[in-house]
1. Using 0.36 nm per residue, how much length does the chain from L107 to W120 gain when fully extended, once their Cα-Cα distance is taken away?
2. Does the stretch 2-160 classify as rounded, prolate or oblate by the C-alpha gyration tensor (a ≥ b ≥ c root eigenvalues; a/c under 1.5 gives rounded; else a/b over b/c gives prolate, otherwise oblate)?
3. Taking neighbour Cβ counts within 10 Å as the exposure measure, how do K116, K69, K163 sort from fewest upward?
4. How much net charge surrounds A10 when only other residues with a Cβ under 13 Å from its Cβ are counted (Lys, Arg +1; Asp, Glu -1)?
5. Treating only the Cβ atoms of Lys and Arg (+1) and Asp and Glu (-1) as charged, compute the dipole magnitude of the stretch 2-160 about its Cα centre; round to the nearest 20 debye.
6. Quote to one decimal, in nm, the extra length available between A63 and E80 on full extension: 0.36 nm per residue of separation minus the C-alpha distance between them.
7. When F97, F143 are ordered from fewest to most other Cβ atoms inside 10 Å of their Cβ, what list results?
8. At a Förster distance of 41 Å, what's the computed FRET efficiency of C161 paired with K129, Cβ-Cβ distance as r, to 0.05?
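Each reported figure results from applying straightforward, stated rules to the coordinates on display, with no laboratory input. Fair warning: this is a prediction, and the values are worked out from it, not measured in the lab. Glycine gets a Cβ as well: all are built from the backbone with ideal geometry, and neighbour counts include every protein chain shown.
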Amino acid sequence: MFLDSTPPWAQAHLRLEAWRRTSNARVVFTNGCFDILHPGHVTYLDEARALGTHLVLGLNTDASVQRLKGPKRPIHTTIERATVLAGLRSVDLVVPFDQDTPLELILALQPDVLVKGGDWAVEQILGGKEVIAWGGEVRSLPFVDGKSTSGSIERIIERYCPKAGTSS
């Protein structure tokens, strides 16, 4: 259920505490815009989830995505993106955040493992020093070659918006 899967930060923290009390939970955290979901995203999230028992996904809100990616993004709203992501078997919890970085959310949730995609060196991952300080782990997972939201948008434009003066 969408509403159950995307609680406010305080509720998310309580959910993590419940996981930790009832099992040997190893909570993994990642974040991103996840605008047009593609196989690279799904593979990345599956790999992130395999590093622990629960995967929490910090999701940039629409306002945050616009500041980071430009005024034409996101393609899908926060609610649409959260609904799709919450439906993936690898994702246990989706937590929207409006800031440009997930640092406040990372500090609030205190995950055991912090994960980012392959374009981030481990020592450059925001929140990494803090996660290591409380005994956690920081990982960088490789991207799936040839898969990106920008690439998906470019293919849609090429296929459905032919340039003026060319026939379709």
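1. That works out to 2.8 nm of additional length.
2. prolate
3. Going from sparsest to densest Cβ surroundings: K163, K69, K116.
4. After counting each charged neighbour, the total is -1.
5. 180
6. That pair, A63 and E80, stretches by 4.7 nm at full extension.
7. Going from least to most buried by this count: F143, F97.
8. According to the calculation, E is roughly 0.40.
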